[in-house]
Each structure stands twice: as C-alpha cells, then as structure tokens.
Amino acid sequence: MVGLGEDGRAGLSPQAAAALDGAELVYGGARHIALIGAVPGEAAEWPQPFRNALPMILSQRGRKVCVVATGDPFHYGIGAGLAKAIPAEEMEIFPQLSCFALACNRLRWPQEECGRVSLHGRALQRIIPFLQPGRRVLALAWDGTTPQRLSEVMKARGFGSSRMVVMEAMGGPREQIRECTADTFDFGTVDPLNLIALDLVAGPEARVLPLATGLEEDWFEHDGQITKSEIRAITLSALKPRAGELLWDIGAGSGSVGLEWCLRNPGNRTIAFERKPERAERIGRNRMSLGALAVEIVMGTAPDILTGKASPDAVFIGGGITDPGVFEAAWAALKPGGRLVANVVTIEGEARLAALYAEHGGSLRRIGISHLDAVGGMHGWRSAMPVTQWRAVKR
C-alpha cells in the first residue's frame, strides 16, 4: 500500500516509488490513478460500489498488487479493511502524512491536543459530541458541501463565533486555506478534498453536551417514558460501560440509557428494542440530535425480537421484566462476565426481581429521589416513585 499526497509521485520515497513501479496491478480511485500517472503494470480504478474492492483485490492473490490511497492508509483509510483479510506478512506499507498531521503543521496546533473526526461517508452529526468550549477539532469533510453544512450545525448549537479554517487539497498545487467564523461562512465553491479546523467558542446559550452521565430530560424528545436523570446516572454506573462494548436496551422508551451508553466512548454500540413505532421514531431523532449514531433501533415485541442479535456485553431492561421469556432470552444471550441491570417501579416488578435475585444473586437496591416543590406560598420536598434496581453479573 502506497500513501499519496496531492503532489503525487513527487512526494514518494524511493522505496514507495519502487513498489509502485514493480507492481503487476495497481488499484486506486480515479484521483489516485491520475496522480501517479503511467505505471509499468496494469492500473485499475476502484469498482462501484466500493464494497466490491476487497473481493477484487483478494482475487489477485499470487500477483504483485499495489493499492494507492490518500495519505496514511491506516488513518480512516482502506488499510484497516485490508488488514482484516490479508496477513500482515503479505503487506508492505509506505504511508504519507495524514491530512490531520498536515493540518496541525499548517496551523501550529499540537495534534495530540486536538479532537479528530471523519465525516467522510459518515453522518454530519458525528461532530456534536466534539462541540466543547475551548476545544480544537479537526473534521475531515465528506465533500465540498461539508463546511457550509457544518457551519449551520454550529450556529444552531450556539457555536457561531467559533473560528473555522477550511483547508483544501493540502500538499499539492491546488492547496488553499481560508478562514472565517461559523456565523460568517460564505466561501461559495469548496474543493471536495477538504478538512475543516475548528477553534471552538461557545455562546451564552450554547448547547454543550455535558461529559457526565445523567443528562437532563430536556436533552431528549420523550412522551414521559424516560429513565429520569438521576436514576439514569445510577443505572449507567451499574452497567459499567467499557470501551467498545455492546448494550441491549430492552423497552428503550426514549432511548436515553442506550444513547448515553454510546456517548461514553466512540466505540460503544447499543441495540435499542422498542415495540411502539412512535417511540422507535423518537429514539431515531434523539440519536441524531445527540450525535450518538451507534444506536441500532429494532422494533417489535420482546423476547421474539431478541433472537439472532449480536451477544451483548451488558443488558438494561427498563420495561418488560415481568413479560414471560424476556429475562430468560436476555440472560441467555449475555456474554459470560456481562452485566444485567433491571429497573422497576411496581409491586409486580419488585416480586419478579426478588425471585431473580434469589435464583441468580447479584444485588438489590431501592432508589428514592425528592425534588423541591411549591407548597402554597412555601416549599417542600415532593418524592418521585421509588425505583427498585437489580444488578447481576453472569458468571
């Protein structure tokens, strides 16, 4: 694999150039093939759709194949996909600087202090968790429309005063760097190959995602079927999310627990099971507004809809614990060492949890929350319904 900059062959090391010229077959995008010019071997563009590229490359086993890619093939590039299918000893890599490294050198920003996110082929809402006051963020664009669309998201969320630096075709003769604030963006045409650097400034009414668990209910669209803020914080603590894990959120309601699970780490995923169509749609809207895109929504009635899904590392049952077969199906699917947490507010639910506690162990606790409320011209504490929570680890 040979990484290319916008300067094409001129930026290649002698070893990379030798690998390119020694290949029987060279694969790359149309832009990559144009950058390298003529080669002794055969040159072929990626197939459409792109997902057919890997089978096409693997079909050439036994030949000298060179894949040309942008910059560093292992930084949001094709390298990761190829490495899953081709043994490491059959690959030699000649990387260039990534676009993130180039941008930080242009701006004199320490790369380790910057948030980095790719919006290329991904939803724009991935930027939302990165929008934190005083933070520097590098966002790889999908195409020439990304800077304009990104500026609109930032204005809508109260970050209009933030500095935006749009860096186009870095490292080549077409390189251009332009700067503005999000609320004054008006660059017209932007090269499809661009990266946006953000120096974030939050306005007084900015919508900033807190880093702690237990977001206030107004962060979510809901119909009242939502795990309340304080209970949700305790529930997530009980679920003990770890990087890269999968949660099953059964009876998801607004999706609040599963959404916050995904916000804890970019590699976390949730499958939200919900039987009511209007609630499933609401979870989808919450997913986009929070940028917690790794939530898969599955509509139907448990336990039937649990069948065939990837085994979870943790399970939260916020609704349906008294329904026949729901716990049994979730417990059977849970990985060994996985955590299960169930919350109830009814006597019937408590009876079910007591029986499960007697059979499987774990721990039970009752959580009571009171809020200050007006009592005539004075104030007093108004108690919410207590929540009984069972926590268990599958041995």
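Cα centroid separation, the range 104-120 to the range 311-328: 42 Å. Distance between the pseudo-spin-label points of Thr184 and Ala355 (7 Å out from Cα toward the beta carbon): 6.8 nm. Among the protein heavy atoms, those of Phe130 account for about 40 Å² of accessible surface (1.4 Å probe, every chain in place).
State the label only: which of (1) 21.8, 79; (2) 19.7, 61; (3) 25.6, 88 corresponds to Rg and Dmax of the Cα atoms in Å computed from the shown model? Correct label, based on the coordinates given: (3).
Among the GluC sites (Glu not before Pro) found in the range 29-113, those both in a DSSP coil and sparsely packed, with 16 or fewer other Cβ atoms within 10 Å of their Cβ, are Glu92. Once backbone amide H atoms are built at 1.01 Å from N, Ile367 has Val387, Thr388, Gln389 as its partners under 5 Å, excluding neighbours fewer than 5 places away on the same chain. Put simply, the amide H of Val67, placed in the peptide plane, has neighbours under 5 Å in Val2, Tyr27, leaving out anything fewer than 5 places away on its chain. Tell me whether the range 348-395 comes out rounded, prolate or oblate; compute the Cα gyration tensor, take square roots of the eigenvalues as a ≥ b ≥ c, and use a/c under 1.5 as the rounded threshold. Judged from the Cα gyration tensor, the range 348-395 comes out prolate (a/c at least 1.5, a/b above b/c). In the context of the full protein assembly, Cys180 retains an accessible surface of approximately 20 Å², using a probe radius of 1.4 Å and ignoring ligands and nucleic acids. Each label point was placed 7 Å from the Cα along the Cα-to-Cβ direction; for Met288 and Ser13 their separation is 4.5 nm. Sorting Val39, Val26 on solvent-accessible area from highest to lowest, probe radius 1.4 Å, gives Val39, Val26. For the chain, give the percent of accessible area contributed by carbon and sulfur heavy atoms, probe 1.4 Å, rounded to a whole number. Using a 1.4 Å probe with all protein chains present, the chain comes out at 53 percent carbon and sulfur. With one equal scatterer per alpha carbon and no solvent term, the Debye-computed log10 I(q)/I(0) for the range 103-262 at 0.12 1/Å reads -0.62. Spin-label pair Ala310-Asn105: with each label point 7 Å from Cα along the Cα-Cβ axis, the two points sit 3.6 nm from one another. With a Förster radius of 30 Å applied to the C-beta separation of Arg149 and Ala85, the computed FRET efficiency comes to 0.35. About its Cα centre, the dipole of the range 260-395 is roughly 380 debye, where the only charges are +1 on Lys and Arg Cβ and -1 on Asp and Glu Cβ.
Per residue, the accessible area of the range 87-211 comes to 49 Å² when a 1.4 Å probe rolls over the protein heavy atoms.
The trypsin sites (Lys or Arg not before Pro) of the range 65-151 that DSSP puts in a loop, and whose beta carbon has at most 13 other beta carbons within 10 Å, are Arg108. For the range 268-342, a/c is not less than 1.5, where a ≥ b ≥ c are the root eigenvalues of the C-alpha gyration tensor, and a/b does not top b/c. That puts it in the oblate class. Here Ser311 sits with roughly 60 square angstrom of accessible surface, probe radius 1.4 Å. When DSSP beta bridges are restricted to pairs lying wholly in the chain, around 50% turn out antiparallel.
With Cα atoms defining each centre, the range 191-205 and the range 17-49 are spaced 34 Å apart in the structure.
The values are calculated or read from the model by the stated rules, or taken from the named source; none is laboratory data. Predicted, not measured: the structure shown is a model, and the values here were computed from it. Methodologically, a virtual Cβ is constructed for each residue, glycine included, from the backbone with ideal geometry; neighbour enumeration extends over all protein chains shown. Remember, those area values only see protein heavy atoms, side chains included, never the ligands or the DNA or RNA. Shrake-Rupley method; radii C 1.70, N 1.55, O 1.52, S 1.80 Å.
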